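Structure first, commentary second.
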Ligand code: HEM
Ligand SMILES: [Cu+2]
């Protein structure tokens, strides 16, 4: 492996920079994926048949906590990458752990929210609106859950192998993914919850 | 558990198929054990990460699927050959046209093209590999097991029966109660993920791994077409992913996306399907344009005419391909404004396509043409595809489409674009690049025989369908009465289909014959080629190029030969290679189990295999195998051997 010392560790080999570029292309594919889900949601948003509408269902409290958690975790993953650039393995691990814990709390609240909805009789089967709501939120939630597991796998590797070109590359790509989820959430927050509450 | 759901009832044809599948499987297992080939198969093929071998496996699978889809086609043509035939019943006919369309487009045309691009693209850009060799293996096995999942449907549980476009509410649980459309959603989903990964992989490969000096505007045309195709894949396939997921939710979990009540909306499916589906057509046709461009330039011994306009027309087509989807349902009540918009965008595609046709004609003009088999397919493509295009413009007129919609006219049209545009192209590409991969040519005389059978019979099969459509014969009807007067033309079409089958059988016989009797090509450049894939030895060594070539012009190899521009500079050094891995194959198998479990709502195996997928992914991440080096001496020895020198 040729290592180019003039570049940050995560970019330092050809394989590494290809992987980062490849991940950007992959995120390019995630955009039409979520765009399609949002489109489906907008088509369905007023089709609540005999079920509840968004304004009857949504509560701002938990959503604000979710938003706070995800935005902060995007910040802490940034700090983790910063620590990585400085070569502080311990600080990096701590920031990653905080990120993942916030992600976990986010998932917890979302699951609780889903249970509340179902408890109130708003299920996936109730109406077109609810089907699209559950699938849009669920896809984002599944991404966060997957991200959690992925993050754990990377932390184990960091812990065992230290900050190497390979682990730095993985951690950096993970951070891109995490930021992306944050961006998607901002759209969900604005166009699903805020708009739905109006 | 309700075992009844796994059975397919009352179809002697299907029982026959079941028995022959079982016998073939047992035969293969016994054969492999007897000749002690299990180890070879595993080490050399199932675990390979070599882009050339992966490409060969894609092409093999695609050829198999061509015959599977072809048998479906023959059954349909036989059933409709004369009025009131009772060969297939209505349900079976529904399943046959559905799987025929699905298999031909998703499991034959597309993988064939992906196979060719796997073999050729790294060579054309002077690279040693694709950007992510392991992911490439993952792509292949996901495609393969997705295809297998769809293929077992007709013996286990029943095939999808709502057409390849699976319109709702027809494809809903209510109107298609068998598991067929569950197979549809899961098999396409699994192989679709594989395709998306291919898209990412090849975009990175082409943009980042070109040989030094090969700027974008010096790339060979096939590489350009593949780059654009993969960009379309990356934007179109996520839409399919979502559509199929929603379909699965509707059918398995009772959600209300495409239902008729409770706020569902059936037209949403039609829109989502064709937002992916129309670009999909270009995913199979643009690489074909690339293949033809290479072949025309090579066998006319001329530079491709209008290189820049070729590139731009493909770019324009790729953008337009996303703006025309509603031309598939003009008649489904979307209003005059919407129909006009889609009518205009559709017709606009004819402009860049026309530019390409003229460029090919100008390349041929005053060329020194050799009529090899690949060139014959290319020359036949031009007029036949033009008929397809002209009838396409006829269909694009929204108001006129009320006459043709869902008639045999449409069936004729899309076969007139897809068969020359995709099938002829992959066959031409297959003949053209075959010697590169295997080191010997296919027999040209047999190749011409097959060509004439195929090209003539194609027209005999499909031209009558234009008239049948204008006479009012609707698409997907499984039988008709004698009074309709559809009989004679259908019989003619059946005769053509028999001719097509003969052509394809000659093609396969040619592969067999040539493998046994054709002499080896010694210099790796049997056609006097122009692009870099011909600049290395045949068969291609594992590392592709002993020294990475340096490019100064378009058609770099041609200028190297003509003007003595050196391609290779420097000495041979050790070469880094990725090592084989069984994990992509295992991942494919688990995905297959996962898909199968979901098809039949077997939740426990589904959850277990879902967890299995995550575990395999995690172990892939933990892998610290960084490949190995081939020492310089070994490279030098291999090169000498391939050039026929004694070591
Ligand atoms: C090899 C000779 C072929 C013959 C004889 C043939 C014949 C047919 C017939 C009879 C139908 C059904 C008409 C109906 O009942 O509506 C059909 C449908 C179709 N064919 Fe082919 N076909 C051939 C090759 C291909 C190829 C190579 C492709 C694609 C690359 C293809 C794509 C389709 C599609 C997409 C449909 C529509 C299926 C549907 O209605 O859901 N066919 N073909
Ligand atoms: Cu279309």
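The values are calculated or read from the model by the stated rules, or taken from the named source; none is laboratory data. None of the values given here were measured: they were computed from a predicted structure. As a convention, Cβ positions derive from the backbone with ideal geometry for all residues, glycine included, and neighbour counts pool all protein chains shown.
In summary, helices (runs of 4 or more DSSP H) completely within region A:5-113 and bearing 1 or more residues that are under 30 Å from residue B:132 (Cα atoms) occur at A:14-44, A:60-86. Residue B:508 satisfies every condition listed in (1) more than 16 Å from ligand 1 (Cβ to nearest atom); (2) within 30 Å of residue B:580 (Cβ to Cβ); (3) surrounded by fewer than 21 Cβ atoms within 10 Å (Cβ to Cβ) except (1). For residue B:5, the criteria (1) touching a residue at least 40 places away in the same chain (Cβ under 8 Å); (2) in contact with a helix residue (DSSP H, G or I) (Cβ under 9 Å, 6 or more places away or on another chain) hold in every case but one, which is (2).
For residue B:103, the criteria (1) within 30 Å of residue B:53 (Cα to Cα); (2) modelled with pLDDT under 95 hold in every case but one, which is (2).
Please determine whether any residue of region B:284-291 is within 16 Å of ligand 2 (Cβ to nearest atom) and assigned to a loop (DSSP other than H, G, I, E, B).
So far as region B:284-291 goes, no, none of its residues is within 16 Å of ligand 2 (Cβ to nearest atom) and assigned to a loop (DSSP other than H, G, I, E, B).
Would you mind stating whether residue A:159 is under 11 Å from the mean Cα position of the chain (by Cα) and under 28 Å from residue A:20 (Cβ atoms)? For residue A:159, the condition - under 11 Å from the mean Cα position of the chain (by Cα) and under 28 Å from residue A:20 (Cβ atoms) - is not met. The single condition among (1) away from ligand 2 (no atom under 16 Å from the Cβ); (2) out of contact with any strand residue (DSSP E or B) (no Cβ under 9 Å at 6 or more places or on another chain) that residue B:408 does not meet is (2).
The condition of being in contact with a helix residue (DSSP H, G or I) (Cβ under 8 Å, 6 or more places away or on another chain) and surrounded by fewer than 24 Cβ atoms within 10 Å (Cβ to Cβ) holds for only one of B:114, B:156, that being B:156.
Does region B:78-99 contain any residue that is within 16 Å of ligand 2 (Cβ to nearest atom) and either in contact (Cβ under 8 Å) with a residue 40 or more places away in the chain or over 27 Å from residue B:420 (Cβ atoms) (or both)?
no
Note on region A:16-30: among residues that are surrounded by fewer than 19 Cβ atoms within 10 Å (Cβ to Cβ) and more than 8 Å from chain B (Cβ to nearest Cβ), the one that is farthest from the chain's Cα centre (by Cα) is A:20. Taking the criterion of being crowded, with 20+ Cβ neighbours inside 10 Å and outside any helix (DSSP H, G or I), the residues of region B:215-251 that qualify are B:219, B:220. Among the residues of region A:114-167, those that are farther than 27 Å from residue B:255 by Cα and not in a helix (DSSP H, G or I) comprise A:162, A:163, A:164.
All of B:254, B:180 fail the test of being crowded, with 24+ Cβ neighbours inside 10 Å and modelled with pLDDT under 95, apart from B:180.
Taken residue by residue, region B:287-304 has no member that is surrounded by fewer than 19 Cβ atoms within 10 Å (Cβ to Cβ) and more than 16 Å from residue B:530 (Cα to Cα).
Only one entry in B:251, B:210 is closer than 23 Å to residue A:138 by Cβ and more than 12 Å from chain A (Cβ to nearest Cβ), namely B:251.
Scanning region B:438-452 for residues that are buried (at least 20 other Cβ atoms within 10 Å of the Cβ) and over 15 Å from residue B:516 (Cα atoms) turns up B:447, B:450, B:451.
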